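Enquirer: Before I ask anything, here is the structure I am working with.
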Amino acid sequence: MKGLHVEAVFLLEFGIATCNVLDDPVLELAINKELEFIKAQLR
């Protein structure tokens, strides 16, 4: 299960980097909230 969470964190961080390139702050904020939720579950 932890491996799945680590993969999800990687994909979300990749999504945030893509949002920075596309300059889409709304989508970046949505992905960031999901990323924080998953990181909290990993702790």
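Enquirer: Please give, to one decimal in nm, the separation of the simple spin-label points placed at Glu34 and Thr18, each 7 Å out from Cα toward the Cβ.
Expert: 1.0
Enquirer: How far, in degrees from 0 to 90, does helix 2-22 lean away from the longest principal axis of the Cα atoms of the chain, to the nearest 10?
Expert: 10
Enquirer: Taking the chain as the region of interest, what is the percent of Cα-Cα pairs per 10 angstrom bin, listed from the shortest bin to the one with the maximum distance?
Expert: Percent of Cα pairs in each bin: 32, 50, 17, 1.
Enquirer: Restricting to DSSP H runs of at least four residues, report the calculated mean residue ellipticity at 222 nm for the chain, -39500 (n - 2.57) per run over all residues, nearest 500 deg cm²/dmol.
Expert: The helix contribution divided over the chain gives -31000 deg cm²/dmol.
Read the figures in this text as sums done on the coordinates, not as results from a lab. Please read these numbers as outputs of a predicted model, since none were measured by experiment. Neighbour counts are summed over all protein chains in view; Cβ atoms, including those assigned to glycine, are modelled from backbone coordinates with ideal geometry.
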